[in-house]
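Here is the structure we will look at.
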Amino acid sequence: MGADIDGAIEARGSGGGWETEVDLLDFGLVRQRDAWECLFGFGGGLGVERPLFDRRGLPDDVSEPVADTGEGEWQHSHSYATWAEVAAVDWDGPVCDGPDYTRVGVWRPGPDGGLALDEVVWAPVEVLDAAEELFGEDLMPSEWPPGGEVRLDGAVYRPVVLTPRMFAPPDGSWGSVWAAMRELAAVYGDENVRLVVWFG
């Protein structure tokens, strides 16, 4: 068991009222707890300190379908964001104040031959063992000395400061949501299109 996400994309017409345009469930999003935490401050175990749209509550002027389904006894952790806010997100901006305690970034050679971030993972035991040998003491990634890195099996492991792009990239599974909002904003205006979400 566990919580699922629900919500809708709304648009505000010339009369000033909000209307539901797209049900969030139509996008077929699956449980993505780390993405939820980066975006809305709920669901994951990342320890995100500054989610992009952190549990803002349910707007007072939501459309009737959103009010009918989003205000029940089991719905919680409501939030929302206008397209103007989503469009202004720095997807590479840190959502924590320092390197993650247990995760490392894995850099591998990219198409141009230089190192590129390939993934973010829990620090493997063999990496922690190599770090202990390299640095002379048993340290978690956030405790490695400045510039510290471990080279192992063709990859370079480095401490990482978490960003939204790592867990909720704008061109990932949420890309279709952002695309729908962008298209509606072209009609209604950036401030007149918003995503409303909740969990339950």
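Data for the structure
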item: Pick from region 118-143, criterion of a type in the set (A, V, I, L, M) and in contact with a Ser or Thr (Cβ under 9 Å, 6 or more places away or on another chain), ranking: nearest to Leu46 (Cα to Cα); result: Ala123
item: Which listed residue, of Leu39, Leu25, is crowded, with 18+ Cβ neighbours inside 10 Å and hydrophobic (A, V, I, L, M, F, W, C); result: Leu39
item: Any hit, region 34-54, residues being part of a loop (DSSP other than H, G, I, E, B), more than 15 Å from Trp83 (Cβ to Cβ), over 14 Å from the mean Cα position of the chain (by Cα) and not charged (D, E, K, R); result: no
item: Residue tally, condition in contact (Cβ under 8 Å) with a residue 40 or more places away in the chain, more than 25 Å from Gly175 (Cβ to Cβ) and small (Gly, Ala, Ser), over region 39-71; result: 1
item: Number of the condition not met by Cys96 [criteria: (1) touching a residue at least 12 places away in the same chain (Cβ under 8 Å); (2) part of a strand (DSSP E or B); (3) not β-branched (Val, Ile, Thr)]; result: (2)
item: Within region 104-200, strands (runs of 3 or more DSSP E) holding 3 or more residues that are open to solvent by 20 Å² or more (accessible area, probe 1.4 Å) and within 25 Å of Arg31 (Cβ to Cβ); result: 115-122
item: Total residues in region 75-95, condition within 22 Å of Val62 (Cβ to Cβ), surrounded by 15 or more Cβ atoms within 10 Å (Cβ to Cβ) and of a type outside the set (A, V, I, L, M, F, W, C); result: 7
item: Which listed residue, of Leu52, Leu46, is farther than 18 Å from Val177 by Cα, touching a helix residue (DSSP H, G or I) at 6+ places or on another chain (Cβ under 6 Å) and open to solvent by less than 70 Å² (accessible area, probe 1.4 Å); result: Leu46
item: Inter-residue pairs, beta-carbon under 7 Å, first in contact (Cβ under 8 Å) with a residue 60 or more places away in the chain and in region 1-19, second of a type in the set (Lys, Arg) and crowded, with 18+ Cβ neighbours inside 10 Å, 6+ apart; result: Glu10/Arg194; Trp18/Arg12
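Residues are listed down the side, and each one gets a yes or a no for (1) under 16 Å from the mean Cα position of the chain (by Cα); (2) at pLDDT 95 or above; (3) under 30 Å from Pro124 (Cβ atoms):
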{"position": "Asp61", "(1), (2), (3)": "no, yes, no"}
{"position": "Gly72", "(1), (2), (3)": "no, no, no"}
{"position": "Val89", "(1), (2), (3)": "yes, yes, no"}
{"position": "Asp92", "(1), (2), (3)": "yes, yes, yes"}
{"position": "Asp100", "(1), (2), (3)": "yes, yes, yes"}
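The values are calculated or read from the model by the stated rules, or taken from the named source; none is laboratory data. These numbers come from a predicted model, not from an experiment. Reconstructed Cβ throughout: ideal geometry from the backbone, glycine too, with neighbour counts over all protein chains shown. Surface areas here come from the heavy atoms of the whole protein model, side chains and all, with no ligands, DNA or RNA. Shrake-Rupley method; radii C 1.70, N 1.55, O 1.52, S 1.80 Å.
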